[in-house]
Every structure is written in structure tokens, then in C-alpha cells.
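A short worksheet on the structure shown next.
The values are calculated or read from the model by the stated rules, or taken from the named source; none is laboratory data. From a predicted model like this one, the values you see are computed outputs, not experimental measurements. Quick reminder, even Gly has a Cβ in these numbers, built from the backbone with ideal geometry, and neighbours come from all protein chains shown. Accessible surface is based on the protein model in full, side chains and every heavy atom, while ligands, DNA and RNA are left aside. Shrake-Rupley method; radii C 1.70, N 1.55, O 1.52, S 1.80 Å.
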Amino acid sequence: MLVLIQRVTQASVHVDDVAVGRIGPGLLTLVGMEPGDSEAQIARMADRLLGYRVFADEGGKMNRSLADTGGGLLLVSQFTLAADTSSGMRPGFSTAAAPAEAERGFNRLVDICRQKHAPGVETGQFGAHMVVSLVNDGPVTFLLRP
């Protein structure tokens, strides 16, 4: 599993010109599932997403987490994160989880995050063509693995 998090002041996902997910300050999270991602890895990633300290404290240091700030979490499935880009001029997708496996894992991540983050978890639409808009704050962007 690969997860790209971006600290945002706002973010949204549209499908067919309809907003399906929208947050104010918080984290936009692009999620690439890989074959064999386990329940333990998914649970650990949920904990990392909610506990990763990327928000400024009173002194301006990245010492506060999403759980601390009560910010929004927007989870968007993005299989292209798991692409093999090691050679050639075109990505390969044999390193990404098959769609059914990826959807199960992504939905499990969403469920865990919703259980643990009362302020709110929004999502895109799995498998759809999505238009993602964001205002990256910082810019602050990190690639996480479980």
C-alpha cells in the first residue's frame, strides 16, 4: 500500500461534475493498494493517517496530527500510485492490486478511519473518473507505507 498525503486548506472530488467528497483544512489522501495488503497493514495505515504529525503547533513546528486538529480526511483511491515506473516510457500496472482486491482494501481503510475519526471522513468514488481539486498548504506532501 502506498499513500500520498497532502496537507490542504481545502480539497474536493467531483464525478460527472457532482461533488462526491469535500473537506476544509485537513489531509487529502491518495491511496494505492498493492497485491496482498493485509488487514494489519490497513489498520496501521489508518493509525498513521490520523496520527501523523504534519500540522503546526503554537511554535510553528509540525507537531500536531489530524486527530489533534479535528481536520477533514479525504480518501481517494488511486491505483496509478502503485504503478511500476522502473523502465520504459509507459507505466505498468501489474504491481497494483486487482480492482476487486483494491476496492475491498480501500473500503476497509475508509471504515477504520470513519470509526476512529469522528470529525469526518470523505471519499472519492472507487473506479470512477474523478476530478480532484486541492489547495496544498505549505506545500506539505508525504509518501507513506504501512
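Odds and ends about this structure:
- Scan of the range 94-137 for residues that are within 14 Å of the chain's Cα centre (by Cα) and on the phi > 0 side of the Ramachandran plot, ordered by number: 120
- Applying the criterion of at least 1 residues that are open to solvent by less than 50 Å² (accessible area, probe 1.4 Å), under 21 Å from residue 7 (Cα atoms) and touching a strand residue (DSSP E or B) at 6+ places or on another chain (Cβ under 7 Å) to the strands (runs of 3 or more DSSP E) found wholly in the range 56-146 leaves 72-77, 121-123, 131-144.
- Taking residues in the range 57-68 that are without any contact (Cβ under 8 Å) to a residue 24 or more places away in the chain, and partners anywhere that are open to solvent by less than 70 Å² (accessible area, probe 1.4 Å) and of a type in the set (D, E, K, R), the pairs with Cβ atoms closer than 6 Å and at least 6 places apart or on different chains are 63/57; 64/57.
- Within the range 100-124, residues that are within 22 Å of residue 80 (Cβ to Cβ) reach partners that are open to solvent by 70 Å² or more (accessible area, probe 1.4 Å) and in a strand (DSSP E or B) with beta carbons closer than 9 Å, at six or more positions or on different chains, in the pairs 122/22.
Conditions tested, residue by residue: (1) at pLDDT below 95; (2) under 19 Å from residue 134 (Cα atoms); (3) over 14 Å from the mean Cα position of the chain (by Cα).
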position: 4; (1), (2), (3): no, yes, no
position: 9; (1), (2), (3): no, yes, yes
position: 15; (1), (2), (3): no, yes, yes
position: 22; (1), (2), (3): no, yes, no
position: 29; (1), (2), (3): no, yes, no
position: 33; (1), (2), (3): no, no, no
position: 38; (1), (2), (3): no, no, yes
position: 43; (1), (2), (3): no, no, no
position: 55; (1), (2), (3): no, yes, yes
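- Every condition in (1) part of a loop (DSSP other than H, G, I, E, B); (2) touching a His at 6+ places or on another chain (Cβ under 9 Å) holds for residue 46 except the one numbered (1).
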